Amino acid sequence: MYNETIRYLVYGRSFQSRPLQVSDVRRMKPAEACRHFHANYSDPAEFTVVLVGAFDEAKVRPMLEKYLGRGLHSSTSQLILSRF
């Protein structure tokens, strides 16, 4: 019940506020989902990543460059790690 309440408070009455059901999966269109994913998430140069907490920049930077490397090396992106 707790998870359902939090999900409702965060997402309201959208499809994200209720558990996924078989009928939801049957209505999905894989090609449309792939187009949406690639249009919105395939270019790391467009990402904003915020790291919070105690971390060692020397350890984090190589991982970010490994997993988001393609975008980090584009002419319009920059990797800025700072502590507040």
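Please treat every number below as a calculation from the coordinates, not as lab data. On a predicted model such as this, the values are computed, not experimentally measured, just so you know. Cβ placement follows ideal geometry from the backbone for every residue including glycine, while neighbour counts extend to all protein chains displayed.
List of remarks:
- Packing-based exposure ordering (other Cβ within 10 Å, fewest first) of Leu20, Leu68: Leu20, Leu68
- Going by neighbour counts of Cβ atoms within 10 Å, the residues Arg61, Arg13 line up, fewest first, as Arg13, Arg61.
- Efficiency of FRET between Val10 and Asn40 - r from beta-carbon atoms, R0 22 angstrom, step 0.05: 0.65
- Distribution of pairwise C-alpha distances over the stretch 1-42, 5 Å bins, in %: 5, 20, 16, 18, 22, 15, 4
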